[in-house]
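Each remark here refers to the structure printed beneath this line.
Nothing in this text is a laboratory measurement; each read-out follows from the coordinates by a stated rule. Quantities reported herein were computed from a predicted structural model and do not represent experimental measurements. Glycine also receives a Cβ, built like all others from the backbone with ideal geometry; neighbour counts cover every protein chain displayed.
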Amino acid sequence: MSIEVEGLAKKYGDQWAVDHVSFDVPAGQVVGFLGPNGAGKSTTMKMLTGYISPTQGSAKVCGISVTDDSLSVRKQVGYLPESNPLYYDMYVKEYLRFVARLYDLGKQTKSRVSEMIELTGLQLEQHKKIGALSKGYKQRVGMAQALMNNPKVLILDEPTSGLDPNQITEIRKLITNIGRERTVMLSTHIMQEVEAMCSRVLIINRGKLVADDSISNLQRQHGNKQSLQVKFKNGVDITHIKAIEGVIDVDDLGGYRYRIDAKTDLNLQEKLFNFAVETSNVLLEQKEVEQSLESVFKSLTRNG
Amino acid sequence: MVSIFIKEIRSFLSSLIAYIVVAVFLLAIGLFMWIYDDTNALDYGMASMDTLFMMAPWVFVFLISAITMRSFAEEKKTGTIEFITTKPITDTQIILGKFFAGLTLVLFALIPTLLYYFTIHQLGSPQGNIDTGGMWGSYIGLVLLGAGYVSIGLFASSLTDNQIVSFVLSAFLCFFTYSVLGQLSGLFPTGKLNYYTEWLGIDFHYQSISRGVVDTRDVIYFISLVAVFLGLTKLSFSRRKW
C-alpha cells in the first residue's frame, strides 16, 4: 500500500475538519479526491505530507508513519500545495536547483534539474523569474518541484485550478504521463478531470468519507434512477408532477423547463404525456439526462 | 541548512535588501562618525571609535529588524511555508539557515567600518594611539549583539504573517532587551533585583565586552540569548502543526 489512512481526524476549535477518515491506496493507482470547498480535502493532504499533525488516527505513506518519521515520508512524497506557492523573486532554474539541494541530490542536482525542465516543458522559461511567468507555467514549475525527488507518491492539491482550458489539458496530460508508474492522489472539484485521469474516486463531505469506489461502480450504484428534462408550453404546478407515483424529485429549471428524477421501473415518458393531456398542457420537449459523476457527486454532498 | 542559507543570501542580494542595509548602515554611522557636530571623531579630541560602537546598536535596532521582518512573515503570507516544511528538512535547519544568513549580512555591514579603524589609527597622535584591544572587544560585542537582534527579529517574524507587524515588534523587542531592561533596573534602587534586571539587558554585557575583556560570562549570555529566541522561534514556527 502506498497510502494507508486509519481513522485520521483533525479538529479545529470544536469542529472536525476531517472526521475519522480511513482509506488505502495501492501502489500505482491514480485516485481522485473530491469534495465541496471546505470538506477537508486539503486538510487531509496536509496531514499526509506532514505539514500539520493529525488530532487523532494515523497515516502511513510507503509504510512510514507520517507522525513518527515525517522526514522519511517527505523524501518519498512529491507535494503540490493548494494555490501553488512559489518564490516569485527567484529564477526558474535557481528555484529548481534550490529544491534539488533541499532533497540533497548532490552530484545529480544538475542533471535532475534539466530533466525536470524538459519533462515539464520549461526550456524557454528556465531563465525567467517565476513571478513573470503565466499561471500555466507557474503550475509547471510547481509540478517540476513536486517531481524533483522522483517520488513514489504524488499528492496534488487542485493542480488545475485557475488555469484556462488549454493549460488544463496540458497539466492533465502531464499528470497522466507521470501517473503511469506512480501513486497519485489529486484533489479537484472538476468532475471531467476525475473521469479523465483517475481510476478511483474518494468523495469527502463535511470531513467524512461518503464514497470510495471506482468511477463505473459509483455511476451504477447511484444511477438507480432515470432523469428527464422536459419542457411544457404552459407552467405547471410542481406538486402535481411530484404526485405521480414513482417520481422522486422535480427541479424547476425556469422557462417551463423541468428536470424530473424518477425510479427506473417507471415509464416516465408516458406518464408525463398523459399528465400533459389531463391538464390540457402541451409537452414540447423530452430529453433523457445521463447520470454523470457530477450528479453522483451532487447527490452525495447535497447537504454540504 | 546550507541550502536555506544560500537561498536566503541570494534573496538578500537579488531583492536589493543587502545593498540597502549595508549602504544605509554605513551612511548613518558615517554621518555620526565624521560629520555630526556633537559626535564626530575629528573634533572629539581623542583617537577612539566610541561613536561607532555607541550608535551601531541603535541603528541595528531598525536595520536588523528590516532584514529579518520578512523571513517567516513573507513565507506565511505567500504560502511558501507549506512548500518548505513539506520538504525533507527540519524546522531547526530552516531557522538556523535563516539565522546565519541574517548574521552574515550583519557581518558584511560591519566589515567596511574596519576602514574607520585604519583612519583613526593614522590620525592618532602619536600615530597608532588607539585602544586596539578595546576596539576588537567592541567588534566582538557588536557581532554578538547583532546575533541577538537577528534571533529576536526571527522570533518576531515567526509570530505573524504581516511584515510591518513583524518589523515593529522586532524593533521594540530589540530596543527593550538592549536598553529598556537596563533603565528598568532603576526601579529597584538596591539589591539583587536591581543587578539582575540590568544583567538581563544586552547593554550590560555589551559594555562589559567593549572594555576589551572578552569575559566568557558575557559570551555565554549572548549565546543563551540567541538560543532562547531561536528556541521560541521554533516553538512558534511549529504552532502551524497543531
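Excluding residues on the same chain fewer than 8 positions from A:K46, give the lysines whose Cα lies under 18 Å from its Cα.
Of all the lysines, those that pass the test against A:K46 - Cα under 18 Å, at least 8 places apart if same chain - are A:K10, A:K11, A:K60, A:K75, A:K152, A:K208, B:K76, B:K77, B:K87, B:K241.
Give me the percent of Cα-Cα pairs in the stretch A:217-281 that sit more than 21 Å apart, rounded to a whole number.
20 percent
Would you mind computing, in nm to one decimal, how far apart the modelled labels at A:R259 and A:S214 are, each placed 7 Å from Cα along Cα→Cβ?
2.7 nm
When the Kirkwood hydrodynamic radius is evaluated over all pairs of different C-alpha atoms of the stretch A:3-220, what value in angstrom, to one decimal, is obtained?
17.7 Å
Where does each of A:K11, B:K234 land when they are ranked from fewest to most other beta-carbon atoms within 10 angstrom?
Exposure proxy ranking, most exposed first: A:K11, B:K234.
Name the residue, out of A:V30, A:V250, A:V92, whose mean-square fluctuation peaks in a Gaussian network model built on chain A with Cα pairs under 10 Å.
For chain A, modelled as a Gaussian network with Cα springs under 10 Å, the answer is A:V250.
Can you give me the orientation-averaged projected area of the convex hull built on the Cα atoms of the protein assembly as shown, in nm²?
Reported value for the Cα convex hull: 35.2 nm².
Please give the residues of the stretch A:137-154, grouped as numeric ranges, whose backbone N is less than 18 Å from a label point set 7 Å along the Cα-to-Cβ vector of A:E181.
Under cut-off, by backbone N: A:144, A:146-154.
Helix B:216-238 versus the longest principal axis of chain B: what is the Cα-based angle in degrees, 0 to 90, to the nearest 10?
Roughly 20 degrees, rounded to the nearest 10.
How many percent of DSSP beta bridges within chain A run antiparallel, rounded to 5?
Antiparallel: roughly 70 percent of the beta bridges in chain A.
Counting other C-beta atoms within 10 Å, which of B:W242, B:W136 has the fewest, and how do the rest follow?
B:W242, B:W136
Compute the helix-to-body angle for B:132-159: its Cα long axis versus the longest principal axis of chain B, expressed 0 to 90° and rounded to tens.
The two axes meet at around 20 degrees.
With Kirkwood's inverse mean 1/r over C-alpha pairs for Rh, give me the Rg to Rh ratio of chain B, two decimals please.
Dividing the radius of gyration by the Kirkwood radius yields 1.00.
Using Cα springs under 10 Å in a Gaussian network model of chain B, which residue among B:Q127, B:Q93, B:Q163 shows the largest mean-square fluctuation?
Largest GNM mean-square fluctuation: B:Q127.
With both bridge residues required to lie in the protein assembly as shown, what share of the DSSP beta bridges run antiparallel, to the nearest 5%?
Once the DSSP bridges in the protein assembly as shown are tallied, antiparallel ones form about 70 percent.
Within the stretch A:57-102, report the chymotrypsin sites (Phe, Trp or Tyr not before Pro) that DSSP leaves as loop and that have at most 14 other Cβ atoms within 10 Å.
For chymotrypsin sites (Phe, Trp or Tyr not before Pro) across the stretch A:57-102 that sit outside H, G, I, E and B with at most 14 neighbouring Cβ atoms in 10 Å, the list reads A:Y88.
May I ask you to derive the FRET efficiency for A:K173 and B:T132 from their Cβ-Cβ distance with R0 = 60 Å, giving the value to the nearest 0.05?
Computed FRET efficiency for A:K173 and B:T132 comes out at 0.30.
Where the centre of each part is set by its Cα atoms, how far does the stretch B:111-185 sit from the stretch B:199-219, in angstrom?
Taking the Cα centre of the stretch B:199-219 as reference, the centre of the stretch B:111-185 is 12 Å away.
Specify the inter-centroid distance of the stretch B:74-98 and the stretch A:9-30, based on alpha-carbon positions, in whole Å.
When both Cα centres are located, 24 Å separates them.
Compute and list, largest first, the equivalent-ellipsoid semi-axes of the stretch A:1-122 from the alpha carbon gyration tensor, each √(5λ) rounded to a whole angstrom.
The three semi-axes for the stretch A:1-122 are 30, 17, 14 Å.
Below 8 Å, C-alpha to C-alpha, sequence gap of six or more: please give me the relative contact order for the stretch B:2-241 in percent.
24 percent
Suppose we take every Cα in the stretch B:101-239 and form the convex hull; what volume per residue is that in Å³?
136 Å³
In the Gaussian network model of chain A, springs joining C-alpha atoms below 10 Å, which of A:I248, A:I215, A:I130 carries the largest mean-square fluctuation?
Largest GNM mean-square fluctuation: A:I248.
Quickly estimate the mean residue ellipticity at 222 nm for chain A, helices only: each DSSP H run with n ≥ 4 gives -39500 (n - 2.57), and the total goes over all residues, rounded to 500.
Only helices count here, giving -10000 deg cm²/dmol.
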